[in-house]
Amino acid sequence: MEEDLIIGCKKQDRKAQEALYHKYSGRVMGVCKRYANTMDDANDIFQEAFINIFSSLKKPRTVKIESLEAWVTRISANVAVNYYHKNKKYLNHVPAESALHKIDEEEYGHILGRLRGQELLQLIGGLPTGCKHVFNLYAIEGYSHKEIAEIMDISEGTSKSQLSRARDIIKSKLKLLDHVKYKRVV
């Protein structure tokens, strides 16, 4: 099935392109929303991601069938990061002095386990842009710090620092959220 989609898209068959779009549009939009600051940005990234996906499928190199979903996700994440490079929005890094206190890892895991997916996405979405992108690339997309540094045109140290700050911010927000939920129960 996926092989037929790829072959059809390479031949610019509209039905194959439509099928690929419908199969992966939800995944691509999920990636776009994780990186975007607004829904308009997410829609722009979404459109550009599919243009890149279809353009890349026309190129002579082949996509491994067993990794089509990962390949589509990777292109979408790269487009999202590039979107912010072009718009200079990725420079909103958190200064070191504003990093919040750390929460014990066991406590963090306990709180995180009780969150619904939408709540977690809202926490990630509330991160400063630089932290959000590094967190998404590392924790969700599975990139290494070296790959993130290349993609975002930053140093590996900056990538690690942004990830650490993102985690600290998320942990602090989780602790506050858990405290508020606990008070409501009592």
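The values are calculated or read from the model by the stated rules, or taken from the named source; none is laboratory data. What you see is a predicted model, and the numbers here were worked out from it, not measured in a lab. Glycine gets a Cβ as well: all are built from the backbone with ideal geometry, and neighbour counts include every protein chain shown. Calculation scope for accessible area: heavy atoms of the full protein, side chains included, ligands and nucleic acids excluded. Shrake-Rupley method; radii C 1.70, N 1.55, O 1.52, S 1.80 Å.
Residue 75: surrounded by 18 or more Cβ atoms within 10 Å (Cβ to Cβ), out of contact with any Lys or Arg (no Cβ under 9 Å at 6 or more places or on another chain) and at pLDDT 80 or above, yes or no?
Details: surrounded by 18 or more Cβ atoms within 10 Å (Cβ to Cβ): yes; out of contact with any Lys or Arg (no Cβ under 9 Å at 6 or more places or on another chain): yes; at pLDDT 80 or above: yes.
So residue 75 fits the description; yes.
Name the residues in the range 137-166 that are part of a loop (DSSP other than H, G, I, E, B) and over 20 Å from residue 32 (Cβ atoms), would you? Break it down into steps so the answer makes sense when it comes.
At the first step, the residues of the range 137-166 found to be part of a loop (DSSP other than H, G, I, E, B) are 141-144, 153-155.
Within the range 137-166, 144, 153, 154, 155 meet the criteria.
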Search result, residues across the range 110-156 that are among the aliphatic types (A, V, I, L, M) and modelled with pLDDT under 80: 111, 112, 115, 120, 121
Filter pass, residue 12 being out of contact with any strand residue (DSSP E or B) (no Cβ under 9 Å at 6 or more places or on another chain) and in a loop (DSSP other than H, G, I, E, B): yes
Filter result for residue 58 (at pLDDT below 90, of a type in the set (Lys, Arg) and touching a Lys or Arg at 6+ places or on another chain (Cβ under 7 Å)): yes
Long-range neighbours under 7 Å by Cβ, at least six apart or interchain, first residue open to solvent by 70 Å² or more (accessible area, probe 1.4 Å) within the range 1-27, second aromatic (Phe, Trp, Tyr): 21/50
Top-ranked residue of the range 12-37 - restricted to ones that are more than 16 Å from residue 76 (Cβ to Cβ) and either at pLDDT below 90 or of a type in the set (Gly, Ala, Ser) (or both), ranked as farthest from the chain's Cα centre (by Cα): 12
Any hit, the range 44-55, residues being more than 25 Å from residue 130 (Cα to Cα), open to solvent by less than 80 Å² (accessible area, probe 1.4 Å) and either free of Cβ contacts under 8 Å to residues at least 60 places away in the same chain or part of a helix (DSSP H, G or I) (or both): yes
Qualifying residue in the range 84-106 (condition: open to solvent by less than 40 Å² (accessible area, probe 1.4 Å) and either modelled with pLDDT of 80 or more or touching a strand residue (DSSP E or B) at 6+ places or on another chain (Cβ under 8 Å) (or both)): yes
